[in-house]
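Comments concern the structure below.
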Amino acid sequence: MINGYRIGEGMLAWLFHRISGVAIWLFVVLHVFDIYLAGSNPGLYNDLLSFYASPFGRVLETTLGAGLLYHALNGARIIVMDFWPVMTRYSRIMWYICWVVFVAAGIPVAWVILKPIWGA
Amino acid sequence: MSRYSRVGRPKPQGGGLELAIWYMMRLTGLALFVLALSHFLIVHLVVDPSEQNAGWIQQVRWSNMFWRAFDWSLLMMVLFHAFMGVRTVVVDYTRGGARSALLMALYLTGIVLFVIGTMVVMTMPVVPKA
């Protein structure tokens with residue numbers, strides 16, 4: 001509850017979709033430029049890649065992966081409702097299913113990306 | 001805001017370009033579900049970033065046509081999806097001259113990324129493994 005308004009799942013689903021979408025867009029802009037560097041200035045590209053492999057870089061990568069996974073799952077949910085409007089009735093339960101898949105698929109991937117930080 | 005709360009952007013009525021973009025967002029979205037997620041898994045999970053550098057791209061990652069075509073398809077899908085998505089955000093929060101200027105900058109950035117991304121994936125030489 002904020003100021004007496006109930007923050008519904010649908011609103012949060014929309015908000016997270018928009019935030020993750022803009023964040024992924026920012027990364028795509030960076031990423032196309034950095035791949036261009038791999039062709040024209042390999043030294044600079046290699047420096048950037050060693051940042052990706054650093055502990056802070058790995059945390060950022062995990063965040064990117066989380067945004068990507070949420071956006072993909074919630075996007076699939078949107079497509080289902082756009083093309084089968086009857087499914088709009090289950091919009092909330094489908095959002096919870098998205099989160100179950102998010103956690104089930106995301107935790108193992110995050111573990112593999114992050115584990116070099118503590119040397120596991 | 002409520003019109004967004006359950007589903008995505010409402011389907012534009014009356015056909016034309018806006019409706020085509022609405023369908024394309026969903027089509028490219030489906031393609032990206034496969035292309036973007038598998039790309040992420042390959043370069044962050046299957047091959048750890050600490051094992052990658054510019055040489056790895058030339059000698060391994062882009063050493064055959066399949067992966068170049070894969071990554072170029074990903075580039076085309078993501079450029080459409082991401083730039084049309086941000087276009088919706090810009091249209092939601094701006095108007096007048098600011099909107100025109102931001103949209104122009106957005107489209108220009110998209111075209112630049114299309115050109116340099118296509119150039120690098122198509123022209124980077126394959127270097128045989130030492």
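To one decimal place, what Kirkwood hydrodynamic radius in Å is obtained for the protein assembly as shown from all pairs of distinct Cα atoms? Write down the numbers at each step before the final one.
On the way: mean 1/r = 0.0506 Å⁻¹.
Result for the protein assembly as shown, one decimal place: 19.8 Å.
Where Lys and Arg each count +1 and Asp and Glu each count -1, what net charge lies around A:V22 among other residues with Cβ under 12 Å from its Cβ?
That sum, taken over residues with Cβ under 12 Å, equals +1.
Over chain B, calculate the relative contact order: mean separation of alpha carbon pairs under 8 Å at least 6 apart, over the residue count, as a percent.
Numbers: 68 pairs, mean separation 38.6, N = 130.
Dividing the mean separation by the residue count of chain B yields 30 percent.
Let me confirm one metric for peptide A:39-45, namely the mean number of other chain beta-carbon atoms within 10 Å of its residues' beta-carbons.
Details: counts 11, 5, 1, 5, 2, 1, 5.
The shielding value for this peptide is 4.
When you have a sec, figure out the Kirkwood radius of region A:9-117 from all distinct Cα pair distances and drop it here in Å to one decimal? Walk me through the numbers on the way to the answer.
On the way: mean 1/r = 0.0636 Å⁻¹.
Taking every pair of different Cα atoms in region A:9-117, averaging 1/r and inverting gives 15.7 Å.
Relative contact order of chain A: what whole-number percent is it, with Cα pairs under 8 angstrom and at least 6 residues apart? It would help to have the intermediate numbers written out before the result.
On the way: 63 pairs, mean separation 37.9, N = 120.
Relative contact order, chain A: 32 percent.
Tally up the carbon and sulfur contribution to the accessible surface of the protein assembly as shown as a whole percent, 1.4 Å probe, everything protein left in place.
74 percent
With a Förster radius of 30 Å, plug the Cβ-Cβ distance of B:V89 and A:F102 into 1/(1 + (r/R0)^6) and report the FRET value to the nearest 0.05.
Working: r = 23 Å, r/R0 = 0.76.
With a Förster radius of 30 Å, E is 0.85.
Taking 35 Å as R0, compute the FRET efficiency from the Cβ-Cβ separation of B:M104 and A:S50 and round it to 0.05. Mind dumping the intermediate values first?
Working: r = 36 Å, r/R0 = 1.04.
That gives a FRET efficiency of 0.45.
Among B:9-15, A:103-109, A:68-74, how do they line up by average Cβ neighbours within 10 Å per residue, starting with the highest?
Descending packing order for the listed peptides: A:68-74, A:103-109, B:9-15.
Report the extension gain between B:L37 and B:R68 in nm, rounded to one decimal, defined as 0.36 nm multiplied by the number of residues separating them, less their alpha carbon distance. Present the calculation step by step, with values, prior to reporting the outcome.
On the way: separation 31, 0.36 × 31 = 11.16 nm, distance 1.65 nm.
Answer, rounded to one decimal: 9.5 nm.
Treating the Cα atoms of region B:13-123 as identical point scatterers in vacuum, please give the log10 of the normalised Debye intensity I(q)/I(0) at q = 0.10, 0.12, 0.19 Å⁻¹, two decimals.
-0.39, -0.55, -1.08
What is the sum of charges around B:T88, taking Lys and Arg as +1, Asp and Glu as -1, for the other residues whose C-beta is under 10 Å from the C-beta of B:T88? Walk me through the intermediate numbers first.
Values: positive: A:R18, B:R9, B:R87; negative: B:D92.
After counting each charged neighbour, the total is +2.
Total accessible area buried between chains A and B, 1.4 Å probe, in Å² to the nearest 100? The partial results should precede the final answer.
Values: alone 8540 and 9030 Å², together 13860 Å².
Buried area (both sides, nearest 100 Å²): 3700 Å².
Please give the average number of partner chain Cβ atoms lying within 10 Å of the Cβ of each residue in A:29-37, rounded to a whole number. Each step should come with its number before you reach the end.
Values: counts 7, 0, 4, 13, 5, 0, 10, 9, 3.
For peptide A:29-37, the averaged partner shielding equals 6.
Report, in deg cm²/dmol and to the nearest 500, the calculated mean residue ellipticity at 222 nm for the protein assembly as shown, where each DSSP H run with n ≥ 4 adds -39500 (n - 2.57) and the sum is divided by the residue count. All intermediate terms of the calculation are to be shown ahead of the outcome.
Working: 8 runs with 183 residues, N = 250.
Helix contribution divided over all residues of the protein assembly as shown: -25500 deg cm²/dmol.
Taking K and R as +1 and D and E as -1, what net charge do the other residues with C-beta under 14 Å from the C-beta of B:I57 add up to? Before the final figure, lay out the partial values.
Details: positive: B:R61, B:R68, B:K129; negative: A:D34, B:E51, B:D71.
Summing Lys/Arg as +1 and Asp/Glu as -1 gives 0.
Just going by the charge dipole of the protein assembly as shown, with Lys and Arg at +1 and Asp and Glu at -1 on Cβ, which of A:G8, A:V109, A:I19 is farthest out on the positive end?
Toward the positive end, the furthest listed residue is A:G8.
The values are calculated or read from the model by the stated rules, or taken from the named source; none is laboratory data. None of these values were measured; they are calculated from a predicted model. Note that we place each Cβ from the backbone using ideal geometry, even for glycine, and neighbour counts take in every protein chain shown. SASA here: full protein model, heavy atoms, side chains in, ligands and nucleic acids out. Shrake-Rupley method; radii C 1.70, N 1.55, O 1.52, S 1.80 Å.
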